[in-house]
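A quick write-up on the structure given underneath.
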Amino acid sequence: MATDTKHKDLEGLRIDRAAVATDPGGSPWARSIIVGGIVVIVLLGVAALAYRFMGNTPEVDVVRATAEGADIGGVVLTATGYIIPHHKIEANSKVTGRVAWIGVEKGDQVKEGQVLVRLEDQEFRAQYDQARGAAESARAQLEQLQHGSRPEEIQQAEHNLSEARATAANDKITLDRTKTLVGQGVLSQQALDDANGKYEASQQRVHSLEQSHQLAKIGPRAEEIARAQGAVTQAEGQAAYAKSQLDATVIRAPISGTILDRSVEKGELLTGQFASAARPVFSLANLDDIQADLDVAQDDFAKLTPHQKAVVTVDAFPDLKWDGVIAEVSPEANRQKATIEVKVQILNPDSHLRPEMNTTVHFIAEENKSANAQSAGAYVPTAALRDADGKKYVFIAFNDKALKRDVKILSQRSGGALVSGLNGGETLITTAPESLKDGDKIKIKGQS
């Protein structure tokens with residue numbers, strides 16, 4: 001009995017291989033769910049890879065360049081001040097008019113001669129057309145005098161003179177006949193007086209037409225031509241002035257540079273530059289030509305020499321340094337502050353420097369400056385260095401863009417190199433797509 005029970009139990013544990021062969025994957029709906037899940041996972045992976053490698057804004061890793069060997073030594077004087085443009089231009093309107101169009105905003109880069117503002121010009125254009133017409137009329141009058149009388153006019157004067165002479169001859173015959181008849185008592189004395197008056201009038205007309213005929217052949221007087229020439233000069237001057245007023249309705253950039261400020265809006269009425277209420281339309285400067293404006297105490301002024309070299313820093317970027325040299329010293333002191341104004345020309349400005357930034361300037365002794373310059377450089381990791389035709393360069397991350405900067409290796413270091421061409425403190429791109437170019441937009445990993 002026990003043996004039969006064990007045999008039945010073993011039979012229950014036996015696998016039915018025929019059933020397995022008939023349905024190896026279970027029910028059809030289970031297989032569909034498994035296959036669909038696998039497809040979804042694969043599609044999500046492909047989409048993630050496509051977004052990573054085909055996106056318009058690649059993500060990059062960055063590291064900060066480290067300044068080495070650029071410690072400021074041999075400082076003879078340290079002074080503070082502000083960054084200023086060497087030449088700041090405030091442009092006004094030459095004429096009074098209403099603003100019709102504005103083509104720039106604060107911070108825009110402009111080229112010399114570029115149109116910045118247009119004023120309404122209908123009145124100025126009408127005045128110019130009127131002045132130009134007057135000038136053309138004066139020139140025509142001068143040409144008429146210079147050419148003299150036309151042949152037809154001279155011929156007409158001759159005909160008039162011949163007619164007058166014929167009339168005078170006829171009046172002379174009438175006068176002689178009247179005298180005879182009066183002597184015979186046929187006509188009265190009054191008839192003789194009338195005939196005599198008519199003959200004298202005919203003679204006067206002949207004399208007048210002779211003068212006119214002579215003037216027609218001679219032409220105008222030199223004084224008349226000179227007066228006409230003066231009228232032409234005056235009319236052309238008025239036309240040129242009207243043209244300059246019309247041209248002044250278009251305000252252009254006097255130099256290439258950056259718009260620092262814009263003080264007008266469309267529809268505002270601008271007053272001419274010579275009026276008391278005139279205000280600048282815009283101000284601009286060339287930010288590639290900037291200086292550090294300092295007030296040096298009179299007690300320290302003797303420590304400086306003409307063209308003294310210096311190192312310039314700003315509070316906004318304390319790790320960055322720029323070379324400078326004394327460019328201008330005020331010819332007079334400020335007795336209220338007991339200082340002398342000194343301006344230091346920045347020799348290697350870049351986009352980090354902005355007007356009115358706080359700055360600190362370290363004036364360096366010449367021998368120490370030259371010694372420091374030989375060892376100055378910035379440490380760059382190997383991952384940030386790139387090569388193109390044997391020339392080394394790096395990409396700097398600035399304002400969400402990749403900026404290319406050429407560098408020169410000064411010496412090899414562990415994990416990187418000491419290079420020139422960087423000040424130290426720049427944000428260097430280490431990992432990025434090989435297709436990255438100068439000016440491409442980027443996104444730093446870990447930043448939103």
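In table form, for the structure just shown:
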| read-out | value |
| --- | --- |
| Condition broken by Pro349, with the remaining ones in (1) assigned to a loop (DSSP other than H, G, I, E, B); (2) open to solvent by 40 Å² or more (accessible area, probe 1.4 Å); (3) modelled with pLDDT of 90 or more satisfied | (2) |
| Unmet criterion (only one of (1) more than 30 Å from the chain's Cα centre (by Cα); (2) loosely packed, with under 12 Cβ neighbours inside 10 Å; (3) closer than 28 Å to Val314 by Cα; (4) not basic (Lys, Arg)) for Asn399 | (1) |
| Selection status of Gly416, more than 30 Å from the chain's Cα centre (by Cα) and surrounded by 12 or more Cβ atoms within 10 Å (Cβ to Cβ) | yes |
| Number of the exception - Ala338 against (1) open to solvent by 80 Å² or more (accessible area, probe 1.4 Å); (2) on the phi > 0 side of the Ramachandran plot | (1) |
| Residue that is modelled with the lowest pLDDT [pool: residues in segment 197-217 that are farther than 30 Å from Pro151 by Cβ and surrounded by 15 or more Cβ atoms within 10 Å (Cβ to Cβ)] | Tyr199 |
| Residue count for segment 224-256, restricted to those that are part of a helix (DSSP H, G or I) and farther than 29 Å from His159 by Cβ | 21 |
| Test result for Arg150, open to solvent by 40 Å² or more (accessible area, probe 1.4 Å) and modelled with pLDDT of 95 or more | no |
| Pairs with Cβ under 9 Å, 6+ apart, first in segment 335-351 and under 30 Å from Ile396 (Cβ atoms), second loosely packed, with under 11 Cβ neighbours inside 10 Å | Ser351/Asn399 |
| Enumerated strands (runs of 3 or more DSSP E) restricted to segment 267-346, each holding at least 1 residues that are more than 28 Å from the chain's Cα centre (by Cα) and either farther than 20 Å from His86 by Cα or of a type in the set (Ser, Thr, Tyr) (or both) | 290-297, 309-314, 339-346 |
| Cβ pairs under 7 Å, 6+ apart, first in segment 101-112 and over 19 Å from Leu269 (Cβ atoms) and in contact (Cβ under 8 Å) with a residue 24 or more places away in the chain, second of a type in the set (Gly, Ala, Ser) and assigned to a loop (DSSP other than H, G, I, E, B) | Val110/Ala253; Val110/Ser256; Lys111/Ala253; Lys111/Ser256; Glu112/Ala253; Glu112/Ser256 |
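The values are calculated or read from the model by the stated rules, or taken from the named source; none is laboratory data. Remember, predicted model here, so these are calculated numbers, not experimental data. When we count neighbours, we look across all protein chains shown, and the Cβ atoms used for this are built from the backbone with ideal geometry, even at glycine. Quick note on the areas: whole protein, heavy atoms, side chains included, nothing else; ligands and nucleic acids left out. Shrake-Rupley method; radii C 1.70, N 1.55, O 1.52, S 1.80 Å.
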